[in-house]
1. I need every pair where a residue in the stretch 350-364 that is under 22 Å from residue 337 (Cα atoms) has its Cβ under 9 Å from the Cβ of a residue that is at pLDDT below 85 and among the hydroxyl-bearing types (Ser, Thr, Tyr), sequence separation at least 6 or different chains.
2. Which ones in the stretch 326-350 are closer than 26 Å to residue 299 by Cβ, open to solvent by less than 90 Å² (accessible area, probe 1.4 Å) and in a loop (DSSP other than H, G, I, E, B)?
3. Just checking, how many residues over the stretch 161-185 are open to solvent by 30 Å² or more (accessible area, probe 1.4 Å) and over 24 Å from residue 99 (Cβ atoms)?
4. Step by step: first the residues of the stretch 313-325, then only those that are out of contact with any Lys or Arg (no Cβ under 9 Å at 6 or more places or on another chain) and not in a loop (DSSP other than H, G, I, E, B), then the one that is farthest from residue 261 (Cα to Cα). Which residue is that?
5. Out of the residues in the stretch 71-87 meeting the condition of being closer than 20 Å to residue 187 by Cβ and touching a helix residue (DSSP H, G or I) at 6+ places or on another chain (Cβ under 6 Å), tell me which one is surrounded by the fewest Cβ atoms within 10 Å (Cβ to Cβ).
6. Confirm whether residue 76 is at pLDDT below 90 and β-branched (Val, Ile, Thr).
7. Run residue 323 past the list (1) modelled with pLDDT of 90 or more; (2) of a type in the set (Gly, Ala, Ser); (3) surrounded by 13 or more Cβ atoms within 10 Å (Cβ to Cβ) and report the number of the one that doesn't hold.
8. Scan the stretch 75-87 and report the pairs whose first residue is within 16 Å of residue 38 (Cα to Cα) and whose second residue is modelled with pLDDT of 90 or more and among the β-branched types (Val, Ile, Thr), with Cβ atoms within less than 6 Å and a gap of 6+ or a chain change.
Amino acid sequence: MVTGNERSKKRKADEISDDEEPPDHEAPPPHLPSSCLGAILNFLPYSNVRTCMLAGRAMAVGAARHVDVLSIDRAVGMDVPALRRFPSATILKVLCLVESDGDSHNLNAGVAAKVVPLITSLPELKKVYLGGHESGQDGGLILYRQEHDEDLLSAAEWDARLLVYRTLVEALGAAYESRAISKNLKIAGISLVGQVNCGRTDGQKVCRTCSHFCRNFPLENVLELGCASGWDGILLDDICVDREEICRTIKSRPGGNDAITSKRAGLLMLDMLSEYVATNGARDLPVGNLFHKVNFHDFFGRALEDVDNMVSCGCSFSEINYSDVVRLLPCLSKPKEIRIQEEGSKLVQKFTVRMIWTSQEKIERLVKLGLPIEADWFGYEAGTVLG
């Protein structure tokens, strides 16, 4: 039996057509446009974004379509079906692949197995970061580094971790090769540098991991591997490709000849050189009647040999200008003029001060390699007098 109250409600519902606007007191509360909400979500870790999705349709559908950056901070967030609601995401940060306990870096095998399926589910991706995040005052993004410390890891544990990482590299390489992911997708955090140890013996072929990396990863990543310095962990005994082989592989790929002569390659060589500069203690050298403190600079290790190898393989400084040089190697800057006024005198004296190097031969070698500098810009340790 229908009561009078129910009949009243039915009449009111029938009187409101689908095209009519609801009364002001029944309108949903105003909120920011979906694009603004999406921009805010870009700055949140994904664990918080997931919570925001529960706020209603405006967030779960509207805002989600405008999210550009996804920062997966927990392994539970590596959920491919759930992440498909963010079709416009262009940057993916997987911050739960590497876990730091203060003494070593641990790889999450479950996260590593889901990296490629996750990347392929987001069609608009332009850049992916694979690593971790260290908490605390000095915390920040961290990359995986292999550390075979017998006090921390047994041989079996270290081998298992290496297998996880190599499997990830090979899966990414296969995805690039099969075009499951775009050739233009940039990946940060994977470089092999200090991350794998597969040094080969004489006559041994290149391992599958290094082969996948050099043949299929973006050329920019492979160039970085070729220009990595010993201080960055390459020590080319750790991996089974040397600089010459890396350059040869780059040139065999489409666009490789342009990449190896590009400005990017020149900048990477400059950056490699910058890690081999030794600056000795300041010394007082005569400038007129006064003394001026200067530093003595020198290259140590295999710096020049490594650059020489890269140039002989096709890399070039032809796109590098003087501004690039002084930005990465300020110790190679031109002479500058200084003004000195002696105490109690109104006379201001002008002097030319040069950067001082211990070896003229090394500077001349850089000039021959094509670096846009001149040997007579600098002073040299033997018999150096400024002014």
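1. Close Cβ pairs satisfying both conditions: 354/384; 356/384.
2. Answer for the stretch 326-350, where residues must be closer than 26 Å to residue 299 by Cβ, open to solvent by less than 90 Å² (accessible area, probe 1.4 Å) and in a loop (DSSP other than H, G, I, E, B): 329, 333, 335.
3. 8
4. 323
5. Across the stretch 71-87, the extreme among qualifying residues is 80.
6. On the way: at pLDDT below 90: no; β-branched (Val, Ile, Thr): yes.
It is false that residue 76 is at pLDDT below 90 and β-branched (Val, Ile, Thr).
7. Only one criterion in (1) modelled with pLDDT of 90 or more; (2) of a type in the set (Gly, Ala, Ser); (3) surrounded by 13 or more Cβ atoms within 10 Å (Cβ to Cβ) is unmet by residue 323, namely (3).
8. From the stretch 75-87, the pairs are 86/67.
The values are calculated or read from the model by the stated rules, or taken from the named source; none is laboratory data. In this text, all values refer to a predicted model and were calculated from it rather than measured experimentally. Backbone-built Cβ (ideal geometry, glycine too); neighbour counts: all protein chains shown. Surface areas here come from the heavy atoms of the whole protein model, side chains and all, with no ligands, DNA or RNA. Shrake-Rupley method; radii C 1.70, N 1.55, O 1.52, S 1.80 Å.
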